[in-house]
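Have a look at the structure below before the remarks.
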């Protein structure tokens, strides 16, 4: 099968299109024909070797976590899926495997694709939307009427976070650049702050939740903007942020938390329902072909992507 692989860690030049063997599945897996995938920052962080303590040095590596595709083979122990089912998921392996014509998917993390989305649209959803959902609902314990701030509201995770926070009936303040103000308003934001003109930490407003999707703040810099039992959530799993999380867990009051995604079918089913009832939609900046994977990585690395970058794998 055709796949985008890396044979060493490095820049975008290490991404190569190659012929590799189609993966074998075990009794609890599905073999899925990948119609589309999408780029997440973790993809190029793995490519650059930033996570090699986890991903090791066994090459070639096929990166990519988001999958929207069609089941072509079903493991003997799988009862919930059959050949031909359209599914979407975020792969639960350490390095991914979605940048390929076929990938093995654990059935326990697979969900039928939202019926009102194309495969390209559905591929934009899993990792980013799951991150937003689990950050707000599980880490932040979001409640109706709370004041929630999303820092980085126009990006992949942020654009989903705005919509999910509104679903939970929060009052949402979105932080983004001027050119994306109308977009985040269309996603439901009650108030928008242009970070090039205003610093939300200097406004004197208190938030129950601050979700720092960008990771350019810290708990300490946001502390004065948190309500008495407010929660600061980051997507950055660095020693510094984990340290803030551990320290604040030991004392009463404001908390810092790090969101680590757990792919699961029930949350994907929840997101599917939101999408099919028009309460959630993906924002897509660009769609690439698999042969353009290096360009897609370069665009993601440059930052300031509005929504998601999707990669079409199958014709």
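From the list 62, 83, 109, 105, the lone residue that is over 21 Å from residue 286 (Cβ atoms), in contact with a helix residue (DSSP H, G or I) (Cβ under 8 Å, 6 or more places away or on another chain) and in the same structural domain as residue 305 (by TED's automatic domain parsing) is 109.
Would you check if there is a residue in the stretch 185-202 being in a helix (DSSP H, G or I), assigned by TED's automatic domain parsing to the domain that holds residue 249, buried (at least 17 other Cβ atoms within 10 Å of the Cβ) and in contact with a strand residue (DSSP E or B) (Cβ under 7 Å, 6 or more places away or on another chain)? Scanning the stretch 185-202, I find at least one residue that is in a helix (DSSP H, G or I), assigned by TED's automatic domain parsing to the domain that holds residue 249, buried (at least 17 other Cβ atoms within 10 Å of the Cβ) and in contact with a strand residue (DSSP E or B) (Cβ under 7 Å, 6 or more places away or on another chain), so the answer is yes. Would you check if there is a residue in the stretch 290-305 being within 19 Å of the chain's Cα centre (by Cα), under 27 Å from residue 72 (Cα atoms) and in the same structural domain as residue 111 (by TED's automatic domain parsing)? Yes - at least one qualifying residue is present in the stretch 290-305.
Is it the case that residue 212 is under 22 Å from the mean Cα position of the chain (by Cα), under 20 Å from residue 65 (Cβ atoms) and in contact (Cβ under 8 Å) with a residue 40 or more places away in the chain? Break it down stepwise before answering.
Working: under 22 Å from the mean Cα position of the chain (by Cα): yes; under 20 Å from residue 65 (Cβ atoms): no; in contact (Cβ under 8 Å) with a residue 40 or more places away in the chain: yes.
In short, no.
Evaluate the stretch 261-273: report whether one residue or more is on the phi > 0 side of the Ramachandran plot, within 21 Å of the chain's Cα centre (by Cα), crowded, with 22+ Cβ neighbours inside 10 Å and not in a loop (DSSP other than H, G, I, E, B). No: the stretch 261-273 contains no residue that is on the phi > 0 side of the Ramachandran plot, within 21 Å of the chain's Cα centre (by Cα), crowded, with 22+ Cβ neighbours inside 10 Å and not in a loop (DSSP other than H, G, I, E, B).
Kindly evaluate residue 153 against the criterion of being in contact with a strand residue (DSSP E or B) (Cβ under 6 Å, 6 or more places away or on another chain), within 22 Å of residue 245 (Cβ to Cβ) and not in a strand (DSSP E or B). No: the conditions fail for residue 153.
Considering 161, 174, the condition of being within 19 Å of residue 282 (Cβ to Cβ), free of Cβ contacts under 8 Å to residues at least 60 places away in the same chain and part of a helix (DSSP H, G or I) is satisfied by 161 alone.
The values are calculated or read from the model by the stated rules, or taken from the named source; none is laboratory data. As the structure is a computational prediction, the values presented were derived from the model and not from experiment. Here Cβ is always computed from backbone atoms with ideal geometry, including for glycine, and neighbour counts include all displayed protein chains.
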